[in-house]
Amino acid sequence: MEQKKIERITLNLIVFGTIVIIGVLARQTVLHYGWDDFSSNLIFVVCSIIIGAIYLNLQMVFGQLLSPTIEKCFMRFECYRNKAAVVESPIIHAELAENTIISEPIISKPEPKIEIETTSDTTEVVSTPSCPELNEDVAELPKEETTPSTINNISIEESNQPTEYDLFRANAMAEKERASQEKLDKVLTYTKQNLVLYLSETDLNRLCEYITEYYLSDSLPKVEQIKVDAQLKTIDIMHFGWNIGKAFGKPRLQTATFIKRVFAHTLRDSEISTIERKMSHTESECKIKLDSKIV
């Protein structure tokens, strides 16, 4: 290490001396051409700075780029490889020695033992306890006390419990929903059973969708007309409308308007008022009979 330090100091002194010599030569040159002292001194400083900067840049370039390339070229020669191996081996041994010293286990000293003499002239060996907590008595845990905050929390939880009114109302709403769904299912089943011979599957499913929307909504749904088989007459469609309107509890006028829009082709010659008036007539022959007991 000392040898390398001396070599580095010597190299820096040589470089510094060379820079000073070049600066002095530059100063003497400008003085020779008639420049004043101030200008010549300025030239000396500028030349020294420029030469120093060039040296530092060249040193960086050589260390990062040229040095690895030159080393690769020299590594081709066997004598240089042997020399490099000899230089690196002491460094490796030194690192191994340091790691060995660091990794040596720390030998713990045995716990001191206390000899106690008893009346029977026997010696007992007692090891000192490692935890002082063993000599302390176990304290009893304090009993939990009911604090005012706990009482308040219990009161809030009790207030959040549903009241008897809420329970009865929820049960009544659930029962109403169940009855409504059951009524709708029966009407849809009646529709499929009575019109399956006169409608295609697509039209029958679309009709069931219209009936569902008509039942669940207070206003009339937007529909596209459905054309039934020619076997069904006007009175059949009127009877069908009266049957589902009766099951749903809808007004006659509203039901008449609904079937007029859905079966516009079949009821093209009948006005809504006529449909409303003749929905429950039975004087003519028909395929769909009046049925007030669908639900």
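Read-outs throughout are calculated quantities, based only on the coordinates presented, and are distinct from any laboratory measurement. Predicted model only: the values in this text are computed from it and were never measured. Cβ atoms come from the backbone with ideal geometry, glycine included; neighbour counts cover every protein chain shown.
Here are some notes:
- Sparsely packed trypsin sites (Lys or Arg not before Pro) within the stretch 219-254, loop by DSSP, other Cβ within 10 Å at most 15: 222, 227
- Filter on 176/289; 260/293; 222/287; 222/250 - keep pairs with C-alpha separation over 26 Å: 176/289; 222/287
- For the residue pairs 183/246; 233/278; 186/278, the C-alpha atoms sit more than 21 angstrom apart in 186/278.
- Among the GluC sites (Glu not before Pro) in the stretch 187-295, those located in a DSSP loop and surrounded by at most 11 other Cβ atoms within 10 Å of their own Cβ are 224, 271, 283, 285.
- Converting phi to 3J(HN,Hα) with the Karplus coefficients 6.51, -1.76 and 1.60 and the offset θ = phi - 60°, the stretch 16-28 yields 4, x, 5, 5, 5, 5, 5, x, 5, 4, 5, 5, 5 Hz in sequence order, with x at every glycine or proline.
- Each Lys or Arg adds one and each Asp or Glu subtracts one; over the other residues with Cβ under 13 Å from the Cβ of residue 272, this totals +3.
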